[in-house]
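Enquirer: The structure's right below; bear with me while I get my questions together.
Laboratory data are not the source of any read-out in this text; all were calculated from the coordinates shown. None of the values given here were measured: they were computed from a predicted structure. FYI the Cβ positions are ideal-geometry reconstructions off the backbone, even for glycines, and counts take in every protein chain you see.
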Amino acid sequence: MIEPYYRDDTVTLYHGDAREVLPALSITAHLAVVDPPYGETSLDWDVWPDQWPALISEYTRSMWCFGSLRMFFDRHHEFAEGGWKMSHGVVWEKANGSGFTTDRFRGVHEQVVHWYQGPWGQIHADVPKVAYSGPNKSARGKLSQTTHTGAIGAHTYTDDGTRMMRSVLYAPAPRRKGGHPTEKPVEGLLDPLIRYGCPAGGLVLDPFAGSGATLDAARLSGRRAIGIEGREDYCEMAATRLSVMPLDFGGAA
Ligand SMILES: C[S@@+](CC[C@H](N)C(=O)[O-])C[C@H]1O[C@@H](n2cnc3c(N)ncnc32)[C@H](O)[C@@H]1O
């Protein structure tokens with residue numbers, strides 16, 4: 001029995017190595033949001049935990065994973081060995097890049113890839129909708145037989161003033177003074193990723209929790225969350241953040 005570092009009604013955070021903590025927890029999560037150490041810098045925490053994709057597959061069948069293109073190419077065999085199938089990816093566009101090289105384009109984006117296990121039909125996949133202000137396309141009668149997606153048949157399209165969210169998500173990185181160096185933004189990034197892959201009231205797992213941004217995003221969207229973080233100073237950062245219950249917290253779906 002491992003004692004949580006932080007716990008409230010919706011979020012539990014453990015301090016320790018995810019590879020040791022996870023097997024001690026008896027959980028099944030609807031979705032994992034994984035922001036692993038990419039293993040691309042000399043920072044002390046930036047060490048790829050070997051075979052973590054196989055470990056995570058024992059606790060969930062749906063996962064968003066942050067990474068660089070290089071990381072996914074270098075580690076693709078670990079995802080395959082873990083039984084993960086790729087569904088698709090989105091691009092996180094940040095306001096500013098963090099690289100110091102002068103021989104390549106300034107990197108202002110990261111990949112976020114969605115992976116799943118088992119039949120696709122059993123995976124929660126609900127694309128968030130965004131407001132749309134273009135021409136209203138209501139009542140466009142349609143009789144179609146598209147070959148690439150199968151027969152659809154006759155239906156009437158009703159324009160509800162929304163559109164499916166686009167796959168390039170612009171959201172400035174938080175960059176708080178004294179904060180986690182790779183903290184991800186809640187609004188515009190973690191929030192839609194969680195809403196896509198986890199039903200309201202469901203459980204989100206973050207095995208490399210850092211500043212607790214995913215845990216915070218999960219509770220703000222009305223999901224529950226379990227996080228694990230290896231460094232105690234980052235656990236403290238996350239606990240401080242989570243102990244402040246936001247004013248607009250309402251568990252909205
Ligand atoms: C890319 S950061 C996550 C940042 C986080 N998404 C946020 O928004 O703050 C990866 C984190 O994984 C932690 N970490 C690295 N190896 C770990 C392990 N084996 N178990 C648990 N945490 C680990 C690091 O300390 C680091 O805080």
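Enquirer: Based on the Kirkwood radius over alpha-carbon pairs, what is the Stokes-Einstein translational diffusion coefficient of the chain at 20 °C with 1.002 mPa s viscosity, in µm²/s?
Expert: In µm²/s, the coefficient is 110.
Enquirer: Suppose only helical runs count, i.e. DSSP H with n ≥ 4. What mean residue ellipticity at 222 nm does that imply for the chain under -39500 (n - 2.57) per run, divided by all residues and rounded to the nearest 500 deg cm²/dmol?
Expert: Helix-only estimate at 222 nm: -5000 deg cm²/dmol.
Enquirer: Fewest Cβ neighbours within 10 Å first, please rank 2, 228, 123 accordingly.
Expert: Lowest count first: 2, 123, 228.
Enquirer: Which distance in nm do the two modelled labels at residue 187 and residue 9 give, with both placed 7 Å along the Cα-to-Cβ direction?
Expert: 2.4 nm
Enquirer: Let me ask something else. Within region 185-212, whose backbone N sits under 14 Å from a point 7 Å along Cα→Cβ of residue 2?
Expert: Answer for region 185-212: 205-210.
Enquirer: Could you sort 180-188, 109-117, 31-39 so that the peptide with the highest average Cβ count within 10 Å comes first and the rest follow in order?
Expert: Final packing ranking: 31-39, 109-117, 180-188.
Enquirer: Shifting gears a bit: Give the range of the longest stretch in the chain that excludes all trypsin sites (Lys or Arg not before Pro) found in loop regions by DSSP and having at most 16 other beta-carbon atoms within 10 Å.
Expert: 1-103
Enquirer: Gap in Å between the Cα centre of region 17-53 and the Cα centre of region 166-204?
Expert: The two parts, judged by their Cα centres, are 17 Å apart.
Enquirer: If I take R0 = 35 Å and measure r between the Cβ atoms of residue 130 and residue 55 in this structure, what FRET efficiency does the formula 1/(1 + (r/R0)^6) give, to the nearest 0.05?
Expert: Result of the calculation: an efficiency of 0.50.
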